[in-house]
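The values are calculated or read from the model by the stated rules, or taken from the named source; none is laboratory data. Predicted, not measured: the structure shown is a model, and the values here were computed from it. Here Cβ is always computed from backbone atoms with ideal geometry, including for glycine, and neighbour counts include all displayed protein chains. Accessible surface areas use protein heavy atoms only, side chains included; no ligands, DNA or RNA. Shrake-Rupley method; radii C 1.70, N 1.55, O 1.52, S 1.80 Å.
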Amino acid sequence: MTDDQQQILRTAVFFEGGLGLLALFVGWLVAFYPLDYLHLTGDALTDFWIGVAATVPSVLLFFLLTTFPVGPFREIHARLQQVILPLFGGLNLIELLLISLLAGFGEEFLFRGLLQPMLAYWTGEMGGLVLSNVIFGLAHWITPAYALVAGLMGMYQGWLMIDTENLL
């Protein structure tokens, strides 16, 4: 691994893990606790398969948008090829898995475990869902279309949390 790849890995781990720690700290300060929304149902295997099933729409959308990029999704595809692939392309599977897991937990703690319930407290359940995912989409601004897709995927994940009362 080159020095640049080590720096990318360290930065990604620090940033994504830091989002989760930030969410936990701010949640503690304002009494909205992301960990309150993270629990096993008692059957870890069932929880695992529910989680896998819940990812199918996101994975399918990603596959379709990258395999058949049309309209504004061509720009997303080009950015992925020009920026994201070279940035992370030199990392091995374990390193990518680590970054992905930290991103998943960090972003879920922050956006679904902290912001969504906090905003819902002030604006109602739908207001919290919409506002937290507008922020989520803006935080993922690569192109306008990417921000829109990220916001909509965030809405889906936020709806799952509301429906299951679980970040897992």
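Points worth noting:
- Test result for residue 104, under 13 Å from the mean Cα position of the chain (by Cα), open to solvent by less than 40 Å² (accessible area, probe 1.4 Å) and under 22 Å from residue 41 (Cβ atoms): yes
- Within the range 81-96, the residues that satisfy the criterion of being open to solvent by less than 80 Å² (accessible area, probe 1.4 Å) and either of a type in the set (Val, Ile, Thr) or in a loop (DSSP other than H, G, I, E, B) (or both) are 83, 84, 89, 90, 91, 92.
- Scanning the range 29-50 for residues that are within 19 Å of residue 106 (Cβ to Cβ) and either more than 21 Å from the chain's Cα centre (by Cα) or polar (S, T, N, Q) (or both) yields 29, 30.
- Enumeration of residues in the range 1-35 that are open to solvent by 70 Å² or more (accessible area, probe 1.4 Å) and aromatic (Phe, Trp, Tyr): 14, 15, 25, 28, 33
- Residue in the range 36-72 that is least open to solvent (accessible area, probe 1.4 Å), counting only those that are more than 21 Å from residue 154 (Cα to Cα) and of a type in the set (Gly, Ala, Ser): 71
- For the range 145-166, a residue qualifies if it is surrounded by fewer than 18 Cβ atoms within 10 Å (Cβ to Cβ) and polar (S, T, N, Q), and the qualifying residues are 164, 166.
- Residues in the range 20-43 that are at pLDDT 90 or above and either more than 11 Å from residue 113 (Cβ to Cβ) or polar (S, T, N, Q) (or both): 21, 22, 25, 28, 29, 30, 31.
- Test set (1) touching a His at 6+ places or on another chain (Cβ under 7 Å); (2) in contact (Cβ under 8 Å) with a residue 12 or more places away in the chain; (3) not in a helix (DSSP H, G or I) - residue 41 fails condition number: (1)
- Answer from 99, 76, 142 - the residue that is touching a residue at least 60 places away in the same chain (Cβ under 8 Å), open to solvent by less than 50 Å² (accessible area, probe 1.4 Å) and under 19 Å from residue 8 (Cβ atoms): 99
- Some residue of the range 44-64 being modelled with pLDDT under 90 and in a loop (DSSP other than H, G, I, E, B): no
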